[in-house]
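A.B. asks: A single structure is presented below for examination.
The values are calculated or read from the model by the stated rules, or taken from the named source; none is laboratory data. This one's a predicted model, so the numbers in the text were calculated from it and none came from an experiment. For neighbour counting, all protein chains shown are included, and Cβ atoms are generated from backbone atoms with ideal geometry for every residue, glycine included. Calculation scope for accessible area: heavy atoms of the full protein, side chains included, ligands and nucleic acids excluded. Shrake-Rupley method; radii C 1.70, N 1.55, O 1.52, S 1.80 Å.
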Amino acid sequence: AATGSKLFRHKGDSLVSGLAEVQNALGNGYLSAYPEELINRNIRGTSVWAPWYTLHKLFSGLIDQYLYSDNQKALEVVIRMADWAYHKLKPLDETTRQKMIRNEFGGVNESFYNLYAITGDERHRWLAQFFYHNEVIDPLKELRDDLGTKHTNTFIPKVIAEARNYELTEDENSRKLSDFFWHTMIDHHTFAPGCSSDKEHYFDPARFSKHVSGYTGETCCTYNMLELSRHLFCWTADAAIADYYERALYNHILGQQDPQTGMVTYFLPLLSGSHKVYSTKENSFWCCVGTGMENHSKYAESIYFKDNQELLVNLYIPSRLHWKEKGLKLTLDTYFPESDTVTVRMDEIGSYTGMLLFRYPDWVSGDAVVRINGKPAQTEAHKGSYIRLLDSVKSGDVITLVFTRNLY
């Protein structure tokens, strides 16, 4: 979807065909790399200690293959998987359910919500709600920071599912707890680069300095915080959320990959004298390798947003935008963060009549400078929010923004 390359599409389609072949051979909708009977042994010490965590990857990937590549077979396969899951889980009593979900299950509930959004099948919504983890989510409903020393990346996807629930059902409890959790994370549990966790776990924020270690910043946690941030930003268009997104993207995600080899890191160690450990092509495959592969394929995902008829530019990443409904085409050029200058060329204005809004980062020193074709532009600007361009623009106009910076 990011590149438009037919090669990647064909590769994805071939994977779906292979998965469909395995599913057909198994016969009942179940699909995984391990026998179905092992899913009943959801405890550490077996060869499969987090079956729903790994099943989530299949659910999520198949749904994406349908959404981004219009692969109908992918939708058929994932619906059959959901049918299997429904018949597997529906008979379980509450005691068994609570026992099962104590173990890490990733974002499988979010996937069921996403599938429900496509199909409208109430069974898929039931599956999503089945994975509601009372022990984790109920304190957030009461706006209590009860994170303790829990496993961070087990926690965050459960909140993402609640955010998705709000979008689909307008459940205000889900919205409030998602917002509370995000601010709790950013204000109390996040290191300067935008990452979180020490040795994958929460810790007492009053002892932050004791947890600057060689195992800070598990990448999966940042990946999921970016996912949650996107949801919240789409509700509020709050530039502070975009500020965090930029901070984590540039300071953690970009630094997670070795551009020479493509290999990625598990942690972003912040301890002085520590070093990053990269995966290898054949002998290591951590959870953060999977999210690492996905992170670096979707940098264009959160550059531009639309708010009714207005265009918001959130990230200053070199890119081209084609808003097909409006016939609007623009090109954004910059060497940010090496340079403090951003240039936006309005290639075709089309039928666009709305204003342009540029995020005014909170880190800017002094006032931002905005010009159109070299002349001062009329703006309504608020640092930490947006620069609203009051001048009308036409095809061929060049907008220049200069964001001065200082080291503190």
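A.B. asks: Could you do me a favour and compute the accessible area per residue for the range 247-287, 1.4 Å probe, result in Å²?
C.D. replies: 62
A.B. asks: Bins of 5 Å, beginning at zero and ending with the bin holding the largest distance: percent of Cα pairs per bin for the range 243-359, please.
C.D. replies: 2, 9, 17, 18, 14, 12, 10, 8, 5, 3, 1, 0
A.B. asks: Need the full-extension length gain, His183 to Lys306, defined as separation in residues times 0.36 nm minus the C-alpha distance. One decimal, nm. Numbers along the way, then the final one.
C.D. replies: On the way: separation 123, 0.36 × 123 = 44.28 nm, distance 2.38 nm.
Here the answer is 41.9 nm.
A.B. asks: Shifting gears a bit: Calculate the radius of gyration of the Cα atoms of the chain to one decimal place, then report Dmax, the largest Cα-Cα distance, as a whole number, both in Å.
C.D. replies: 22.6, 70
A.B. asks: Per the helix-only calculation at 222 nm, which mean residue ellipticity applies to the chain, given -39500 (n - 2.57) for every DSSP H run of n ≥ 4 and division by its residues, nearest 500 deg cm²/dmol?
C.D. replies: Values: 12 runs with 166 residues, N = 408.
Calculated at 222 nm, the ellipticity per residue is -13000 deg cm²/dmol.
A.B. asks: Quick one: among Glu37, Glu348, Glu246, which has the greatest mean-square fluctuation in a GNM of the chain with alpha-carbon springs under 10 angstrom?
C.D. replies: Sorting by GNM fluctuation, first place goes to Glu37.
A.B. asks: Using a cut-off of under 20 Å, list every residue of the range 167-191 whose amide N is near the label point 7 Å from the Cα of Lys141 along the Cα-to-beta-carbon line.
C.D. replies: 167-184
A.B. asks: Springs between alpha-carbon pairs under 10 angstrom, Gaussian network model over the chain: which of Glu104, Glu282, Glu94 fluctuates most?
C.D. replies: Glu282
A.B. asks: When the chain is fully extended, how far beyond the present Cα-Cα distance does Asn28 get from Ser395, taking 0.36 nm per residue of separation? Don't jump to the answer; show the numbers that get you there.
C.D. replies: Numbers: separation 367, 0.36 × 367 = 132.12 nm, distance 5.68 nm.
That pair, Asn28 and Ser395, stretches by 126.4 nm at full extension.
A.B. asks: Hey, another quick one. Give me a comma-separated list of calculated 3J(HN,Hα) values for the range 90-104, in order, Karplus coefficients 6.51, -1.76, 1.60 applied at θ = phi - 60°, integers in Hz, x for any Gly or Pro.
C.D. replies: So the Karplus estimates, Gly and Pro as x, are 4, x, 6, 7, 5, 4, 5, 4, 4, 5, 5, 7, 5, 8, 4 Hz.
A.B. asks: Determine, at each q value in 0.22, 0.23, 0.24, 0.26 (inverse angstroms), the log₁₀ of I(q)/I(0) that the Debye formula gives when each Cα of the range 287-328 is one equal point scatterer.
C.D. replies: -0.79, -0.83, -0.87, -0.94
A.B. asks: Next question, about the same structure. Taking a label point 7 Å from the Cα of Val402 along the Cα→Cβ vector, which residues of the range 347-375 have an amide N closer than 14 Å to it?
C.D. replies: Those under the cut-off are 365-375.
A.B. asks: Moving on to the next point. Among Asn28, Asn114, Trp286, pick out the residue whose Cα is farthest towards the positive end of the charge dipole of the chain, where Lys and Arg carry +1 and Asp and Glu carry -1 on C-beta, about the Cα centre.
C.D. replies: Of the options given, the answer is Trp286.
A.B. asks: Suppose every Lys and Arg Cβ carries +1 and every Asp and Glu Cβ carries -1, with no other charges. What dipole size does the chain come out with about its Cα centre, to the nearest 20 debye?
C.D. replies: 600
A.B. asks: Report, to the nearest 10°, how far helix 152-169 tilts away from the longest principal axis of the Cα atoms in the chain, using its own Cα long axis and a range of 0 to 90°.
C.D. replies: 80
A.B. asks: Let me ask something additional. Ignoring ligands, DNA and RNA, please state the percent of accessible area on the chain from carbon and sulfur, probe 1.4 Å.
C.D. replies: Values: 10280 of 20240 Å².
The C+S portion of the solvent-accessible surface of the chain is 51 percent.
A.B. asks: Calculate, in whole percent, how much of the Cα-Cα pair population of the range 167-208 lies beyond 13 Å.
C.D. replies: Working: 525 of 861 pairs.
Tail of the P(r) past 13 Å holds 61 percent of the pairs.
A.B. asks: Ratio to report: Rg/Rh of the range 74-147, with Cα atoms as the point set and Rh obtained by the Kirkwood method; give two decimals. Provide the component values of the computation, followed by the final result.
C.D. replies: Working: Rg = 13.5 Å, Rh = 13.3 Å.
Ratio value, two decimals: 1.01.
A.B. asks: Something else: After finding the eigenvalues of the alpha carbon gyration tensor for the range 365-408, what semi-axes result from the square roots of 5 times each, listed largest first in whole Å? List each step's numbers first, then the result.
C.D. replies: On the way: eigenvalues 95, 30, 11 Å².
The answer is 22, 12, 7 Å, longest axis first.
A.B. asks: What does the extension gain come out to for Glu170 and Cys234, with contour length at 0.36 nm per residue minus their alpha carbon separation?
C.D. replies: On the way: separation 64, 0.36 × 64 = 23.04 nm, distance 1.40 nm.
That pair, Glu170 and Cys234, stretches by 21.6 nm at full extension.
A.B. asks: Then there's this: How fast does the range 193-237 diffuse by Stokes-Einstein, in µm²/s, taking the Kirkwood radius from C-alpha pairs at 10 °C and 1.306 mPa s? Show your work: numbers first, answer last.
C.D. replies: Numbers: Rh = 11.6 Å.
Reported coefficient: 137 µm²/s.
A.B. asks: Moving on to the next point. Would you compute the Debye intensity of the range 1-85 from its alpha-carbon atoms alone, equal scatterers and no solvent, and pass along log10 I(q)/I(0) at q = 0.20, 0.26, 0.27 Å⁻¹ to two decimals?
C.D. replies: -0.90, -1.26, -1.32
A.B. asks: Which value, to two decimals, describes the C-alpha radius of gyration of the range 248-317 once divided by 2.2 N^0.38 Å? Intermediate values should be presented prior to the final figure.
C.D. replies: Details: Rg = 15.3 Å, N = 70, 2.2 N^0.38 = 11.1 Å.
The range 248-317 yields a ratio of 1.38.
A.B. asks: Now for a different question. Among all the lysines, which ones have a C-alpha under 27 Å from Lys326's C-alpha, if same-chain residues fewer than 8 places away are not counted?
C.D. replies: Lys6, Lys298, Lys306, Lys375, Lys394
A.B. asks: How high is the FRET efficiency from Trp323 to Ser297, r the C-beta distance, R0 22 Å, rounded to 0.05? Present the calculation step by step, with values, prior to reporting the outcome.
C.D. replies: Numbers: r = 22 Å, r/R0 = 1.00.
Efficiency for this residue pair is about 0.50.
A.B. asks: Of the DSSP beta bridges with both residues in the range 260-380, give the percent that are antiparallel, rounding to the nearest 5.
C.D. replies: Working: 18 of 21 bridges.
Of those bridges, close to 85 percent are antiparallel.
A.B. asks: Starting from one equal scatterer on each C-alpha and no solvent at all, send me the Debye-based log10 I(q)/I(0) for the range 303-408 at q = 0.14, 0.18 Å⁻¹, two decimals.
C.D. replies: -0.50, -0.84
A.B. asks: Give me the one-decimal Kirkwood hydrodynamic radius in Å for the range 178-261, with the sum taken over alpha-carbon pairs.
C.D. replies: Details: mean 1/r = 0.0752 Å⁻¹.
The Cα-based Kirkwood calculation yields 13.3 Å.
A.B. asks: With a bin width of 5 angstrom, please list the P(r) values of the range 131-235 as percents of all Cα-Cα pairs, from the 0 bin to the one holding the largest distance.
C.D. replies: The percentages, shortest bin first, are 2, 13, 25, 25, 18, 10, 4, 1, 0.
A.B. asks: Might you tell me the accessible area per residue for the range 131-222, computed with a 1.4 Å probe and given in Å²? Each step should come with its number before you reach the end.
C.D. replies: Values: 3760 Å² over 92 residues.
Here the per-residue accessible area is 41 Å².
A.B. asks: Related question: Relative contact order for the chain using alpha-carbon pairs under 8 Å, separation at least 6, rounded to a whole percent? Could the numbers behind the result be given before it?
C.D. replies: Values: 650 pairs, mean separation 35.6, N = 408.
It comes to 9 percent, rounded to a whole number.
A.B. asks: Say we join alpha carbon atoms closer than 10 Å with springs in a Gaussian network model of the chain; which of Arg97, Arg388, Arg207 then has the biggest fluctuation?
C.D. replies: Answer for the Gaussian network model of the chain: Arg207.
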